[in-house]
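The values are calculated or read from the model by the stated rules, or taken from the named source; none is laboratory data. Note that the structure is a prediction, hence the values are computed from the model and not measured. Counting neighbours? That spans all protein chains shown, and the Cβs are built from the backbone with ideal geometry, glycine included.
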Amino acid sequence: MVERRLEEDHSFPKDSILFMKKKFKLKKATGKLGVLIPGIAGAVSTTFIAGILAKKNNIGELHGSLAELGTIRLGKRTSKKSPLIKDVLPLAKIEDIEFYGWDVYGDNCYESCKKAGVLKDDQINSIKSELEQIVPQKAVFNKKFAANLKGKNIKKEKNLYKLAQELIKEINDFKKQKKIDRLVMVWCGSTEIFLKVSKVHKTISSFEKGLKNNDKNISPSMIYAYAAIKCGAAYANGAPNLSADIPALIELSRKNNVPICGKDFKTGQTLMKTILAPGIKSRLLGLNGWFSTNILGNRDGEVLDNPKNFKTKEESKLSVLDHIFQPDLYPDLYGDFYHKVRINYYPPRGDEKEAWDNIDIFGWLGYPMQIKVNFLCRDSILAAPIVLDLVIFMDLAQRAGMYGIQEWMSFYFKSPMHGEGLYPEHDLFIQSMKLKNTLRVIAGEKPIDHTGLDYYYD
Ligand SMILES: NC(=O)c1ccc[n+]([C@@H]2O[C@H](COP(=O)([O-])OP(=O)(O)OC[C@H]3O[C@@H](n4cnc5c(N)ncnc54)[C@H](O)[C@@H]3O)[C@@H](O)[C@H]2O)c1
């Protein structure tokens, strides 16, 4: 139906995205969708998996997920047509999802879900047998990239290339054994230390040579991303570290027709920041400073307690305000604001993070004002629906023939991946419009420009 609509409409200008869309054919979501998760014993992964199993058993709702609960307006406001996204597009079904993953800790999903301490025991116990069946494979891991982890469930091979081949074999075996039709990988592993793009990351051949030579600039997450793209699995990076966002893997994703996106799930304090900052900016209120601090006590917090890992997170969290406020365009309002982000590891809080923001703004004639935000959130409860949406929409993108960087997934990330020469879009509301308009385009519907002028001058 969608294909036919696209074929029939020849009225698009040659440079419009609708015209581009005619090149793509949307395949149906038949068969099973395999979800591959490096870091499958972590808090986000286990909260995500338990949620999906709870839904499959009709004992929980997937709040926060656009793919599950979101609606999309089609056509003019007067037509009052806002169906569920999943009724407009052929999305993969929750019951068709199968899990597979790796972790440095070998605990099965039931044990790790209990250890993560996010969900209540009675809820976890009600899906115990299904959780117990999900057991992490040995991880591709190097302590240099996350020194605070002590798990021993680790693969041993003589070089990184062999490790990548092992991952590829495991993915292909999983696909065959479980009769999987399509695959998406979401990196839910710990934040790796800060790395910059270097020579080995530049081309596919330099990267493969680096794998064979055990190059120290190739991180475990890059090896998983490489294996995923080689197997035709879409890849999303939920952590802020350098991973698929290197020229070699971007090139490989385009060559193999695989969509990729990242990075760093937009939850908690940064979610609040990208809700508030666009409001302050759109009313042209000035900014003197934004101080953000938070406490968290989960394993993620423990890894980030290491300064080398924190540096990766800090870069991701800091970049948001510069892009939203555009100080180069508004030097008087935003040319000189002070921005500080602190993460404090505080074990008693576990996953129940608490974040404080103090925002010093100024208005008419320079008069100062303050905003205080105290967000008592649950990190993994906010991250789990993001993982689901990434799985569902990245699978959709792949079936629509989209490949390479998926900028329309920016809505879900603190540091959105974007094409060369473009700046990242951080404003949550622009990201939301971009996401929904892309969904309309994939569905063969017209994007909405929100001017509303047609109601008055048509
Ligand atoms: N929870 C959130 O709201 C949130 C928001 C943004 C980003 N993130 C990022 O998502 C990731 C997961 O968060 P979390 O709270 O679940 O952390 P977590 O520490 O509970 O889980 C991470 C898991 O990854 C495993 N791991 C590390 N390196 C690995 C490797 N090379 N191979 C396989 N497994 C590996 C660890 O053993 C651990 O079980 C982190 O990088 C975090 O920074 C989380």
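For this structure, a couple of remarks:
- If you go through the range 255-273 and keep only what is closer than 20 Å to N358 by Cβ and more than 11 Å from the ligand (Cβ to nearest atom), you end up with M272, K273.
Residue by residue, here is whether (1) small (G, A, S); (2) in contact with a strand residue (DSSP E or B) (Cβ under 9 Å, 6 or more places away or on another chain); (3) over 23 Å from F194 (Cα atoms); (4) not in a strand (DSSP E or B) holds:
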| residue | (1), (2), (3), (4) |
| --- | --- |
| K281 | no, yes, yes, yes |
| L287 | no, yes, yes, no |
| D300 | no, no, no, yes |
| F310 | no, yes, no, yes |
| E314 | no, yes, no, yes |
| D322 | no, yes, no, yes |
| D328 | no, no, yes, yes |
| I343 | no, yes, no, no |
| A355 | yes, yes, yes, no |
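- Answer from E95, E132 - the residue that is away from the ligand (no atom under 11 Å from the Cβ), under 25 Å from the mean Cα position of the chain (by Cα) and without any contact (Cβ under 8 Å) to a residue 60 or more places away in the chain: E95
- Among the residues of the range 115-129, none is identified as within 13 Å of the ligand (Cβ to nearest atom) and more than 24 Å from the chain's Cα centre (by Cα).
- K150 vs. criteria within 12 Å of the ligand (Cβ to nearest atom) and assigned to a loop (DSSP other than H, G, I, E, B): yes
Okay, residues lined up against (1) more than 14 Å from the ligand (Cβ to nearest atom); (2) more than 30 Å from G363 (Cα to Cα); (3) not assigned by TED's automatic domain parsing to the domain that holds M417:
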| residue | (1), (2), (3) |
| --- | --- |
| I275 | yes, no, yes |
| G297 | no, yes, yes |
| P307 | yes, yes, yes |
| L318 | yes, no, yes |
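- Set Y110, Y105: member being crowded, with 18+ Cβ neighbours inside 10 Å, part of a loop (DSSP other than H, G, I, E, B) and within 16 Å of the ligand (Cβ to nearest atom): Y105
Conditions (1) at pLDDT below 95; (2) part of a strand (DSSP E or B); (3) farther than 22 Å from A92 by Cβ, marked per residue:
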{"site": "D351", "(1), (2), (3)": "yes, no, yes"}
{"site": "V373", "(1), (2), (3)": "no, yes, yes"}
{"site": "I381", "(1), (2), (3)": "no, no, yes"}
{"site": "D389", "(1), (2), (3)": "no, no, no"}
{"site": "F411", "(1), (2), (3)": "no, no, no"}
{"site": "P416", "(1), (2), (3)": "no, no, yes"}
{"site": "P424", "(1), (2), (3)": "yes, no, yes"}
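- Yes/no for Q177 being closer than 20 Å to K55 by Cα and either surrounded by fewer than 15 Cβ atoms within 10 Å (Cβ to Cβ) or free of Cβ contacts under 8 Å to residues at least 40 places away in the same chain (or both): no
Okay, residues lined up against (1) within 30 Å of I97 (Cβ to Cβ); (2) surrounded by 13 or more Cβ atoms within 10 Å (Cβ to Cβ):
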{"position": "P331", "(1), (2)": "no, no"}
{"position": "I343", "(1), (2)": "no, yes"}
{"position": "P347", "(1), (2)": "no, no"}
{"position": "K353", "(1), (2)": "yes, yes"}
{"position": "L365", "(1), (2)": "no, no"}
{"position": "I371", "(1), (2)": "no, yes"}
{"position": "L382", "(1), (2)": "yes, yes"}
{"position": "D389", "(1), (2)": "yes, yes"}
{"position": "Q398", "(1), (2)": "yes, yes"}
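- Residues being outside any helix (DSSP H, G or I) and surrounded by fewer than 23 Cβ atoms within 10 Å (Cβ to Cβ) - total across the range 426-435: 1
- The range 371-391 residues that are farther than 26 Å from L439 by Cα and among the small types (G, A, S), paired with ones that are assigned to a helix (DSSP H, G or I) and more than 14 Å from the ligand (Cβ to nearest atom) (beta carbon under 8 Å, 6 or more apart): none
- Evaluation of I386 against (1) away from the ligand (no atom under 13 Å from the Cβ); (2) within 27 Å of the chain's Cα centre (by Cα) (one fails), failing number: (1)
- Listed by position, the helices (runs of 4 or more DSSP H) enclosed by the range 191-266 that each have at least 1 residues that are surrounded by fewer than 17 Cβ atoms within 10 Å (Cβ to Cβ) are 204-212, 247-255.
- Options L211, L195, L252; residue that is more than 10 Å from the ligand (Cβ to nearest atom) and within 28 Å of R399 (Cα to Cα): L252
- Residue ID - farthest from the ligand (Cβ to nearest atom), chosen from residues in the range 37-47 that are in contact with a strand residue (DSSP E or B) (Cβ under 8 Å, 6 or more places away or on another chain) and assigned to a helix (DSSP H, G or I): S45
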